[in-house]
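Everything on this sheet refers to the single structure shown next.
The values are calculated or read from the model by the stated rules, or taken from the named source; none is laboratory data. What you are looking at is a predicted structure, and each value in this text was computed from that prediction instead of being measured. Heads up, the Cβs are rebuilt from the backbone with ideal geometry, glycines too, and the neighbour counts pull from every protein chain shown. All accessible areas refer to the heavy atoms of the entire protein, side chains included, with ligands and DNA or RNA removed. Shrake-Rupley method; radii C 1.70, N 1.55, O 1.52, S 1.80 Å.
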Amino acid sequence: MSYLREMILKHGQVFPNNVLKVNSFLNHQIDPIVIEEIEKEFYKYFGDRSITKVLTIESSGIAPALLVAHHLGVPMLFAKKAEPSTLAKEDKYVTSVHSYTKNVTSNVLISKEYLSANDKVLIIDDFLANGQAALGLVDLVEQAGGETVGVGICIEKSFQPGRQYLEAKGVDVFSICRIQSLENGKVTFLNE
């Protein structure tokens, strides 16, 4: 059993509408041992793919993405939800992303300076539910002309369609923990 799975069972909290709260070790307070174990699993799966950038969306994906980028020896880039005043309109890639947990649609952006057609990009995020954040990041890579070599997810809600949407686009998805159900307040993992 992965360390992340153990932490979900020990500290995760299930809320209505299929929300899993992991704030005590992944989304608000970050347990460095959890992040280190996550990084090892992502590196083991994606480490041989000639990756030039690791991409995530602010903010919960930053910690695991940074450690993966460090291990790969490449920059980590995150899509911003707020536009900095220092970025000209024509100097960015922009896409819309809907957050399942927050039920909010936001434009996210990346400076054209940091993403190009030469990049082989690994996308890392904390959760995969309906796939909108990951699909938005894939769209940003496509706008730059780069290649998405895969999507690494810490916790996947396999009962929601995110994986199917990504795989329909030909994206390789690797999730450390795949949840089959959150029914009756209980976490049930998909038997893999």
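Observations on the model:
- Leading residue by the ranking (farthest from Ala129 (Cα to Cα)) among those in segment 1-22 that are open to solvent by 20 Å² or more (accessible area, probe 1.4 Å) and in contact with a strand residue (DSSP E or B) (Cβ under 8 Å, 6 or more places away or on another chain): Ser2
- Residue in segment 138-155 that is touching a residue at least 12 places away in the same chain (Cβ under 8 Å), open to solvent by less than 70 Å² (accessible area, probe 1.4 Å), out of contact with any Phe, Trp or Tyr (no Cβ under 7 Å at 6 or more places or on another chain) and among the charged types (D, E, K, R) present: yes
- Of Ile38, Ile51, Ile30, all but one fail to be among the β-branched types (Val, Ile, Thr) and within 15 Å of Thr148 (Cβ to Cβ); the exception is Ile51.
- Lys10 vs. criteria at pLDDT 95 or above and under 26 Å from Phe159 (Cβ atoms): yes
- Residue list for segment 90-103, filter: within 15 Å of Ser59 (Cα to Cα) and assigned to a strand (DSSP E or B): Val97, His98, Ser99
- Index of the failed condition, His28 passing every other in (1) open to solvent by 70 Å² or more (accessible area, probe 1.4 Å); (2) in contact (Cβ under 8 Å) with a residue 12 or more places away in the chain: (2)
- Residues within segment 61-101 that are under 15 Å from Val151 (Cα atoms) and among the hydroxyl-bearing types (Ser, Thr, Tyr), tallied: 0
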